[in-house]
Amino acid sequence: MPVQQQRPPVASRQTAPASNDGDLKIAIDQLVDVLQQAEGARQNQHNENTARFDALQRQVEKLGKGFPGEDPEGHRRYHESVIEWRELRNKMVRDALLQAGKAGGLAALGWIAYAIWIAFRMEVTK
């Protein structure tokens, strides 16, 4: 049979003796001071963050005013339409040059065939 270990008896919670009341007050005062310092540091950080946020907000508003009619979305749509028009124009020019190349190549082949035919006819009629 396994040996059971005995646990020490649990001490009942007792109130601190009267002689420790002064130490407890000092500890509480120190804790309050630390918490007040932490709150002050947190408040300073909050104030810095608020100031940074306000500065960024002013910059965003300033940037928004730089667009025509203070409409950055409309400005973006305008540029998208210009880009789309340029892409269409480039495609049309590319297609026109391709067609011209095909027609020019066919004309060159026709001219060469005609020149060969004329040379052949001249040899035969000699």
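Among the residues of region 16-25, the ones that are surrounded by 10 or more Cβ atoms within 10 Å (Cβ to Cβ) and not acidic (D, E) come to 3 in all. Are any residues in region 75-102 more than 30 Å from K65 (Cα to Cα) and either in contact with a helix residue (DSSP H, G or I) (Cβ under 7 Å, 6 or more places away or on another chain) or aliphatic (A, V, I, L, M) (or both), and if so, which ones? Passing the criteria: L88, M92, V93, A96, L97, L98, A100. In a helix (DSSP H, G or I), out of contact with any strand residue (DSSP E or B) (no Cβ under 9 Å at 6 or more places or on another chain) and surrounded by fewer than 10 Cβ atoms within 10 Å (Cβ to Cβ), is that true of G74? Considered against the rule, which asks whether it is in a helix (DSSP H, G or I), out of contact with any strand residue (DSSP E or B) (no Cβ under 9 Å at 6 or more places or on another chain) and surrounded by fewer than 10 Cβ atoms within 10 Å (Cβ to Cβ), G74 comes out as no.
Laboratory data are not the source of any read-out in this text; all were calculated from the coordinates shown. Since the structure is predicted, the reported quantities are computational estimates derived from the model, not experimental observations. Don't worry about glycine lacking a Cβ; one is built from the backbone with ideal geometry, like all the others, and counts go over all protein chains shown.
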